[in-house]
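The values are calculated or read from the model by the stated rules, or taken from the named source; none is laboratory data. These numbers come from a predicted model, not from an experiment. Here the Cβ positions follow ideal geometry from the backbone for every residue, glycine too, while neighbour counts run over all protein chains shown.
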């Protein structure tokens, strides 16, 4: 498939990156977050510009690096203060990203773009208090190891800190150089973060010692004159105590008083860009739960007859499609029209049919199991099973079946999780079984389901990829459905549909769908569509 087009479609990019890194990536709701196992992007705008794609890809790379390599148990046991946690974040972000970039060199460019986009600035606020300035300088120092563009603002901030706390930047830089050379685990990131905070505490203690009261004089004569009081401290002298006070505030700062980590900044950017209108957003279904039972194929004589006929006719048609024009050969089936060649000792008296190469096709059947399908569910699932069984028996045809909607999973850490779910019935490459019977319930998240199927089929190796949609109603959000189909078509996917007792599918797939008005028409309609599909095979 066209990799360039895939990388321009953020729902597919998310799936490709998630598969590559071995993590789950969801798209939907209003928040960007991770629960330590899954990365969630908020619902996407219909037209994602390159900046938004860069932010989303960077967020996936960044959080994947943490999921793969951060020891969250060690972090929890460390019980860090907010300042220690802030400095640990700066160190650990760099460490895990470096490790991911060694395994997947392509993500290094994503990180560099992201760091420059978020942290690069032309001017530094020299009035910033240490509670902001020192953690920010530490972060820029670490990030400038890989992105030299940050050296300018880092040096400006270091000069300001040096003027307020002479010698402190040099001490912290010594620890950071140890980090760069020796930090390879989460536990070591924790150790170095604590070491830097200990330096800040030591700086406060040194200031306290340098400002201790003068020694008292003893043994003065009783009659000696009374010494005049010293000069009243000026405002400048009061200000000499300010750096120590500011450093103490930094050491005891709360999390919301400190600079935000890169993950938090990205979450805010992505949430801000997420569309608010239901019709303007792209969401991708997640895997949920739906109950399925074994079909009773002998329950209805008419039903059994219809599904058997579908299998027989489809297999017969596909077999004839695979056969090329027969040709004369030295072996095969004897051709009576060639018997005259016996007189001239010509052995080419046989006819041999020549087969085309296999279809090399992946077919995914998407079944609408929403509430409106209640009266049609039995025949729909029976016919779908027959179709899957027939297709699965053909060489080089890879079948998958998915039902929508399903009960969504509970996602830890998300307050507004509203992503519809699907339930795989048969995964690509799996054996065809008969657990197709289910009850109709729920809405019609067709667009979200199509996006999910596209994500599953992009990595498949088959050269031809087909999605067949069985539905009786309009999707919940038409714009999301149309966008998914259009993106799929750009990538070479083929879409076909069957409208059950409704014609709405024809407005979505006007040239590649059929509608039926009663149950007896479903199996023949499926047969006609699949015959058209495979007749296109070259």
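Just so you know, in the stretch 159-172 the residues that are in a helix (DSSP H, G or I) and in contact with a helix residue (DSSP H, G or I) (Cβ under 7 Å, 6 or more places away or on another chain) include one that is modelled with the lowest pLDDT, and it is 164. Taking the stated definitions as given, is residue 14 at pLDDT 90 or above, in a helix (DSSP H, G or I) and under 16 Å from residue 419 (Cβ atoms)? Yes: the conditions hold for residue 14.
Yes or no, residue by residue, for (1) closer than 16 Å to residue 448 by Cα; (2) surrounded by 23 or more Cβ atoms within 10 Å (Cβ to Cβ); (3) free of Cβ contacts under 8 Å to residues at least 12 places away in the same chain:
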{"residue": "10", "(1), (2), (3)": "yes, no, no"}
{"residue": "20", "(1), (2), (3)": "no, no, no"}
{"residue": "30", "(1), (2), (3)": "yes, no, no"}
{"residue": "37", "(1), (2), (3)": "no, no, no"}
{"residue": "41", "(1), (2), (3)": "yes, yes, no"}
{"residue": "52", "(1), (2), (3)": "no, no, no"}
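Do we find a residue being under 27 Å from residue 460 (Cβ atoms), in a loop (DSSP other than H, G, I, E, B) and at pLDDT 75 or above anywhere in the stretch 343-364? Within the stretch 343-364, one or more residues are under 27 Å from residue 460 (Cβ atoms), in a loop (DSSP other than H, G, I, E, B) and at pLDDT 75 or above. Among the residues of the stretch 75-104, those identified as surrounded by fewer than 20 Cβ atoms within 10 Å (Cβ to Cβ), assigned to a helix (DSSP H, G or I), under 26 Å from the mean Cα position of the chain (by Cα) and in contact (Cβ under 8 Å) with a residue 12 or more places away in the chain are 75, 98, 99. Number of residues in the stretch 133-146 that are modelled with pLDDT under 95 and under 21 Å from residue 270 (Cβ atoms) equals 0. The sole residue among 188, 203, 178 that is under 17 Å from residue 243 (Cβ atoms) and in a helix (DSSP H, G or I) is 203. Scanning the stretch 492-528 for residues that are over 19 Å from residue 474 (Cα atoms), surrounded by 16 or more Cβ atoms within 10 Å (Cβ to Cβ) and touching a strand residue (DSSP E or B) at 6+ places or on another chain (Cβ under 8 Å) gives 493, 494, 525, 526. Filtering 130, 105 for residues that are on the phi < 0 side of the Ramachandran plot, modelled with pLDDT of 90 or more and in the same structural domain as residue 65 (by TED's automatic domain parsing) leaves a single hit, 105.
Across the stretch 27-48, the number of residues qualifying as out of contact with any helix residue (DSSP H, G or I) (no Cβ under 7 Å at 6 or more places or on another chain) and closer than 16 Å to residue 277 by Cα comes to 4. Evaluated against (1) farther than 21 Å from residue 421 by Cβ; (2) in contact with a helix residue (DSSP H, G or I) (Cβ under 7 Å, 6 or more places away or on another chain), residue 51 falls short on exactly one condition, (2).
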